[in-house]
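Worksheet for the structure shown next.
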Amino acid sequence: MNWLLVIAGAVVGAPVRYLTGRAVQARHDSLFPWGTFVVNVAGCLVLGLLTGAVSAGAAGPHLQLLLGTGLCGALTTYSTFSYETLRLTEAGSGLYAALNTVASVAAGLAAAFTGVSLAGFLWA
């Protein structure tokens, strides 16, 4: 049963990642990979909210599998982040590559902490 929850979440997360990433990137005329950046930060926020909800007892392990492992696992993409950063470096855009690395990690952590804090506020 657990694997079905993970699959169900991934079935939603993967197309959301693809469609959101393309829609965001289409609105920016820049080498910076905005689409991947946005989906990764959004996934960190959702995972932070979920983690906070689980800690507060407002969500259980089944929701954690569905949303955390399935949805967020398919929504966020470390491999694409790494690939795009490498491509920026190879294209001579070292500044964008460094900015992508620092901003992605900082914004992802901030989003996760914000999610946990918000969940603590909502379910305290």
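The values are calculated or read from the model by the stated rules, or taken from the named source; none is laboratory data. Because the structure is predicted, anything quoted here is derived from the model rather than measured. Glycine gets a Cβ as well: all are built from the backbone with ideal geometry, and neighbour counts include every protein chain shown. Protein only, heavy atoms only, side chains kept; ligands, DNA and RNA dropped before computing areas. Shrake-Rupley method; radii C 1.70, N 1.55, O 1.52, S 1.80 Å.
On a 0 to 90° scale, report how tilted helix 78-90 is relative to the longest principal axis of the chain, with both axes built from alpha carbons and the result rounded to the nearest 10. Compared with the principal axis, the helix lies near 10 degrees. For residue 35, the shell of other residues with beta-carbons less than 12 Å away shows a net charge of +2, using +1 for Lys and Arg and -1 for Asp and Glu. Expressed as a whole percentage, what fraction of the accessible surface of the chain belongs to carbon and sulfur atoms when a 1.4 Å probe is rolled over the protein heavy atoms? Carbon plus sulfur share of accessible area: 72 percent.
Label separation (residue 87 vs residue 58): 3.8 nm, computed from points 7 Å beyond Cα along the C-beta direction.
Counting only the Cα atoms, the chain fills a convex hull of 90 Å³ per residue. Between residue 1 and residue 78, residue separation times 0.36 nm minus the direct Cα-Cα distance comes to 25.0 nm. Normalised by the number of residues in the chain, the mean separation of alpha-carbon contacts (under 8 Å, six or more apart) gives a relative contact order of 39 percent.
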